[in-house]
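The values are calculated or read from the model by the stated rules, or taken from the named source; none is laboratory data. The structure presented is a predicted model; accordingly, all values stated were derived computationally and were not measured. Note that each Cβ is placed from the backbone with ideal geometry, even for glycine, and that neighbours are counted across all protein chains shown. Remember, those area values only see protein heavy atoms, side chains included, never the ligands or the DNA or RNA. Shrake-Rupley method; radii C 1.70, N 1.55, O 1.52, S 1.80 Å.
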Amino acid sequence: METKELEKEFLTMIEAQKRTIYKVCYIYANDQDDLNDLFQETVLNLWKSFPRYRGDSTLNTWVYRIAMNTCITFLRRSNTRPQTVPMTANVASMAAEDNETAGQLRELYRLINQLGKLERALILLWLEERSYEEIADILGITKTNVAVKLNRTKEKLKKMSNR
């Protein structure tokens, strides 16, 4: 395939998949800078792998896998950096009723960020309303394992939210 044609096809794919990439990166990012870095790194990894995409899975599944692997690799590298704790007040409870949903969403993401790598990926895919089969394909685990781990992760989130 000619380079210009490959670039055009890649840019079209990125435009169609950018929301998926963003969601995966968002769930693993600690702040806006991390989010930007993860997004850029994911697009770079997609570009490197794009000529080898064979269509064994759907394009969306392939993008999810690369995005998650990129984010997990980023987390492994960042574990060598000192941990930081944001010093912001919890203003979600003081927000107007219009902002209640946004506050609940922020709280959900805060709780999800406390989960392990696989649990985060699992919840993200479940929130995206992916089928168990598709989640299993993306994460490389069995459908039964998806059901068990998802149930345990949901229970863990419930306990965390009740603290």
Nearest 500 deg cm²/dmol is fine: what mean residue ellipticity at 222 nm does the chain get from its DSSP H runs of n ≥ 4 alone, each adding -39,500 (n - 2.57), divided by its residue count?
-23500 deg cm²/dmol
With the crude spin-label approximation of a point 7 Å out along Cα→Cβ, what separation in nm comes out for PHE10 versus ARG110?
4.0 nm
Cβ-placed point charges (K, R +1; D, E -1), dipole of the chain about Cα centre in debye, nearest 20:
800 debye
Relative to the longest principal axis of the C-alpha atoms of the chain, give the angle of the C-alpha long axis of helix 59-78, reported between 0 and 90° and rounded to the nearest 10°.
60 degrees
Would you work out the relative contact order for the chain, in percent, from Cα pairs under 8 angstrom that are 6 or more residues apart?
22 percent
Can you tell me the accessible area per residue over the chain, all protein chains present, probe 1.4 angstrom, in square angstrom?
67 Å²
Taking a ≥ b ≥ c as the square roots of the eigenvalues of the Cα gyration tensor of region 1-56, is the shape rounded (a/c under 1.5), prolate (a/b larger than b/c) or oblate?
prolate
As I understand it, the value is the acute angle between the Cα axis of helix 100-112 and the longest principal axis of the Cα atoms of the chain; what does it come to in degrees, rounded to 10?
70 degrees
With the convex hull built on the Cα atoms of the chain, state its orientation-averaged projected area in nm².
11.5 nm²
Give the aspartates and glutamates reachable from LYS48 as a straight Cα distance under 15 Å; neighbours fewer than 8 places away on the same chain don't count.
GLU7, GLU9
Listed residues TRP47, GLY140, ASN60: farthest to the positive end of the dipole of the chain (Cβ charges):
GLY140
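Could you give the length gained on full extension between THR144 and TRP126, defined as 0.36 nm per residue of separation minus the Cα-Cα distance, in nm?
Answer, rounded to one decimal: 5.0 nm.
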Of the listed links LYS23/LYS158; LYS23/LYS156; LYS18/LYS143; LYS23/LYS154, those spanning more than 25 angstrom between alpha carbons are LYS18/LYS143
